[in-house]
Amino acid sequence: MKESAATIYKLLGVLAVIGLLILFPHIFPKPFPQHIMILLLMYVVLGQAWNILGGYSGQLSLGNQIFLTLGAYTSTMFLVKLGVSPWLGILPGIVISSLAALAIGTICFNLKGHYFAIATIGLSEIIFIIFLNWEFVNSSYGFQIRFAGNSLLWMTWSHKLPYYYLILLLALLVVAFVWKMDRSTLGIYLRAIKEDEVRVKSLGIDTRKYKLLAFVISAAITTIAGTFYAQYVMYIDPDSLLNLDFALLIIILPLVGGMGTVLGPILGACLLVPLAEYLRTLLGGGGRGVHLILYGLIIMAIAVSQPRGLIGIIQEVQRRRFRRNSVAGAEEESDHEVA
Amino acid sequence: MKLLDISGLTKRFGGLTAVNAVDITIERGEMIGLIGPNGSGKTTLFNCLTGLYTADSGKALFKGVEITSMPSHRIAESGIARTFQLARVFHQLTLFQNMCIAQSHQGEKVIATPLQSSGAELGDAAHCWLDFVGLTGLKHEYAGDVSYGQQKLLEFAMVLMSDPDLILLDEPTSGVNPVMINKIVPLIWNLNQQGKTLFIIEHNMDVVMKLCQRVCVLDYGEKIFEGIPEEVQRNPKVIEAYFGY
Amino acid sequence: MISGQILLQSVISGMFMGGIYALVAVGLSLIFGLMDIVNFAHGDYLMLAMFATFWANRLLGWDPLLTLPFVLVIWYFAGQATYRLVIRRVLNAPMVAQMFCTFGLGIFIRYAVYFLWSADVRKVSDNLLSEVMQVGTVFITRAEAAAFAASLAATALVFLFIKRTRLGKAIQATSQNKAAAMEMGIYTDKVNAMGWGIGIMCVGLGGVLLATYYPVHYYAGWPFSLVAYIAVAMGGFGSFWGVYLGGIIIGLIEGVLGTVLMPTYKMVFVYIAFILVLIYRPKGLFGKF
């Protein structure tokens, strides 16, 4: 009986949050808060996507910005050179990213922890240098997306509201997907792989295939976010997309919030994005980069005390409260017995 | 046909030869023991057989097929299952989820896995084996929260899930209290009665005596003797290996 | 065809740059060998040394050679402090935690510098070492030559220290088998701290030398970090001189292939070589294990 009550509360809670999110732009009609939320939601999408490979299976990639770039460039180039709507442009982007993910995964998955991370950084740098010098993608100039009026077909608007709902929809879909995946066969396999890959292999599972699947899914989602980013910012170039800071921002949410959990990236976003904004307004123009100093400190603090992030902290608190309650309960019982 | 045919298997680590030209054959339905002092290469041999290590020379044939350079998951699929000296179960998953991972994966569609509810097609086999080891009541507990003895039993149930032809047990009674040993030994005996072939590494000579029809002895990577348990206990070479004189 | 002279020039320049890479890599591999931690902040200590050299030059008028001994001493203690305050807490944590920890440290350092001194690129003004010399047909700055010589000397010193002195042997023992070393009474904690001290000191040396001819900005250290990891991987684990050679090789690949094939893509060749080595010789080119 108690269990179903708890589930109903959880469901109501989720619906309430979704309701608030839907109403948000009407509560805060100014463009600036909407911009913040758009960024927050986008980082949630990117963080969840990263989480699928990194958090669940433990293969930490610092190269997801590659897929972001491929997505942004593919849909934009289809738009600018062939006049194809970015909605359709997402599809070739996903194909290219998936192939890239398969290639990268096949070559690099054998690499131990830090070396996989470093290899992905290396690949990101390679692609950066290539894009910077490749005329086909306009080298360092990048592409500018022309404003096509308030159009759903061409994914451009003069105000933030439609962008907001678009990214909200994407974020909700992604979170729902990760929630389902968490409980699925793949979710269990990935968590087992993270804990003891050799053991998983000795039980007859070809771990490579499942890691590749996770990587491809992660890449595909990131690609879609790339198209959104391009359409929102309306200008893409290698510098803004392939720098290491972007890589950092992608992983910091799940890292701080809790890798390998559904709520992790969301909690991380809720903590870090407002914090960054608060610092920015507090320190004005001179505060550039300060939030990153804080991010660095927070990452270190988390690494040192609770690598499982905010979720880990919450679980610890719950466990301690549970222990205290059960000890208290036991004491109560024994009191009664004596009496 | 011999179920497992190992010939001349050798594994070196740098200058150290851990397994040296070992020959062992096992027929279907046998229960064979593998003993030897610490460091004699027993676990290394198991690791070579299950694809964790690649042997430097020699061959191992399982059901007539060479498994010496096959990847681990393929070897497992072909019907060999093993346990580890320190029970290797997944602490972050429940017992039920552990069993889910342990089941046979033949014909599994990788693409479908993200949307498959885990445990959807588990059912009977998992319950049967959890029952066999007496852990049904704990199936929704996390494996990291149960006792070590229970983890050993879980690992046991896990190797049985895939209905293997050959079961490699690496010190099934180590780290376990005598009460639990008295539970595990009959389980192993039962399995053999049901027709499973077992290859067991053990230090506990009582257990070896009770269970095994034949025993192989390794010392410094070489097989120094093979015979029935009584013979092994009396053999001077074996005594020298264990006691040094 | 590329003239022999240009080729020779690129070989020499590449080799000298390789010397710096090697110096940074040796420091990194010392830390990695001791406690299996990849220091993602390694290049940032390099960058800090570069800034120290710049500010000493700008504000105090010091020549980098004067700043050098100060940096060596301070950086040694900075390395020890980093170990005691931060790294020690994640020694037994899972690798993920260790990765975040040094990664976060690097971010902290980089953005603290960005905040303090902005993203402007600085250069250390003309100093004793910026004179260009001509040896045969090859032009080299004194700075480059000095950097190379210093890196060779420093690595040799560290090598001798590790192999010949008692403290050094303690470091060796600890990296090979921590448990055994502890049982033998070696204070692994002190050894670890010393390892960090020496490792960061090497990086500091590299930074001062580099600042004499290389632009200084808050992201300057990162490419050297990256190359250092590559050098350690290429050189192999457990081989000091392998790592040093790894650094030199990378400098050569960058310099020669960059000049001969495509200058803008020179780092690409390095990364490709890296990935190839990781795949085909995961133990590194000269690794023992």
A:LEU282 to A:SER305: extension gain in nm, 0.36 nm per residue of separation minus the Cα-Cα distance?
-> 5.5 nm
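Restricting the count to DSSP beta bridges whose residues both fall in the protein assembly as shown, what percent are antiparallel, rounded to a multiple of 5?
Working: 29 of 45 bridges.
Once the DSSP bridges in the protein assembly as shown are tallied, antiparallel ones form about 65 percent.
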Any residue on another chain or 5+ positions along whose placed amide H is under 5 Å from the amide H of B:GLU222 is listed here as B:ASN20
Taking the simple approach of a point 7 Å from Cα along Cα-to-Cβ for both C:TRP117 and A:LEU99, what is their distance in nm?
-> 4.5
For a label point 7 angstrom out from the Cα of B:ASN204 toward its Cβ, which stretches of segment B:163-178 have the backbone nitrogen within less than 11 Å?
-> B:171-178
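Counting Lys +1, Arg +1, Asp -1, Glu -1, what net charge surrounds A:ILE52 among other residues with beta carbon under 13 Å of its beta carbon? Please list the in-between numbers first.
Numbers: positive: A:LYS180, A:ARG191, A:LYS194, A:LYS211; negative: A:ASP182.
Residues close to A:ILE52 contribute a combined charge of +3.
Using the Kirkwood formula over every pair of different C-alpha atoms, what hydrodynamic radius in Å results for chain C?
Details: mean 1/r = 0.0519 Å⁻¹.
Radius from the Kirkwood sum: 19.3 Å.
Set the bar at 28 Å for Cα to Cα. Now go through B:LYS59/B:LYS237; A:LYS201/B:LYS152; A:LYS112/B:LYS196; A:LYS201/B:LYS109 and name every pair that lies beyond it.
On the way: B:LYS59/B:LYS237 26 Å; A:LYS201/B:LYS152 19 Å; A:LYS112/B:LYS196 37 Å; A:LYS201/B:LYS109 16 Å.
Beyond 28 Å: A:LYS112/B:LYS196.
Quick one: net charge of A:TYR189's neighbours, Cβ under 14 Å, K/R +1, D/E -1?
Values: positive: A:ARG183, A:ARG191, A:LYS194, A:ARG199, A:LYS201, A:ARG208, A:LYS209, A:LYS211, B:LYS109; negative: A:ASP182, A:GLU195, A:ASP196, A:GLU197, A:ASP206, B:GLU108.
Net charge around A:TYR189: +3.
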FRET efficiency for C:ILE279 and A:VAL198, Cβ-Cβ distance as r, R0 = 30 Å, nearest 0.05?
-> 0.90
Where does chain C land at 222 nm, in deg cm²/dmol rounded to the nearest 500, when only DSSP H runs of n ≥ 4 count, each adding -39500 (n - 2.57), divided by all residues?
-> -24000 deg cm²/dmol
Note: A:186-196 gets an average of partner chain Cβ contacts (10 Å, Cβ to Cβ) equal to 6
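Given contacts defined as C-alpha pairs under 8 Å and at least six residues apart, what's the relative contact order of chain A, whole-number percent? Display every interim value, and only then the final one.
Numbers: 425 pairs, mean separation 93.4, N = 339.
Once divided by the residue count of chain A, the mean separation gives 28 percent.
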Net charge over other residues, Cβ less than 14 angstrom from the Cβ of A:LEU102 (K, R count +1; D, E count -1) | +3
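Report relative contact order for chain C in percent, whole number only (criteria: Cα-Cα under 8 Å, sequence separation at least 6). Don't skip to the answer; put the middle values down first.
Working: 490 pairs, mean separation 106.8, N = 289.
Normalised by residue count, the contact order of chain C is 37 percent.
Stretched out fully, how many nm does the piece from A:LEU82 to A:LEU23 gain, at 0.36 nm a residue minus the Cα gap?
On the way: separation 59, 0.36 × 59 = 21.24 nm, distance 3.71 nm.
Full extension from A:LEU82 to A:LEU23 adds 17.5 nm.
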Label points 7 Å out from Cα along the Cβ direction at C:LEU72 and C:ARG142: separation in nm?
-> 1.9
Roughly how many nanometres apart are two label points built 7 Å out from the Cα toward the Cβ at A:LEU275 and B:TRP189?
-> 6.1
Per GNM of chain A with C-alpha springs under 10 angstrom, the most fluctuating residue out of A:GLY63, A:GLY142, A:GLY264 is A:GLY142
Karplus-derived 3J(HN,Hα) from phi for segment C:57-68 (6.51 cos²θ - 1.76 cosθ + 1.60, θ = phi - 60°), whole Hz, x at Gly and Pro, runs 5, 6, 8, 10, x, 6, 6, x, 5, 6, 5, 3
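Coordinate-derived values only; no laboratory data. Given the structure is predicted, the values throughout are model-derived calculations rather than measurements. No Cβ is skipped: glycine too gets one built from the backbone with ideal geometry, and neighbour counts run over all protein chains shown.
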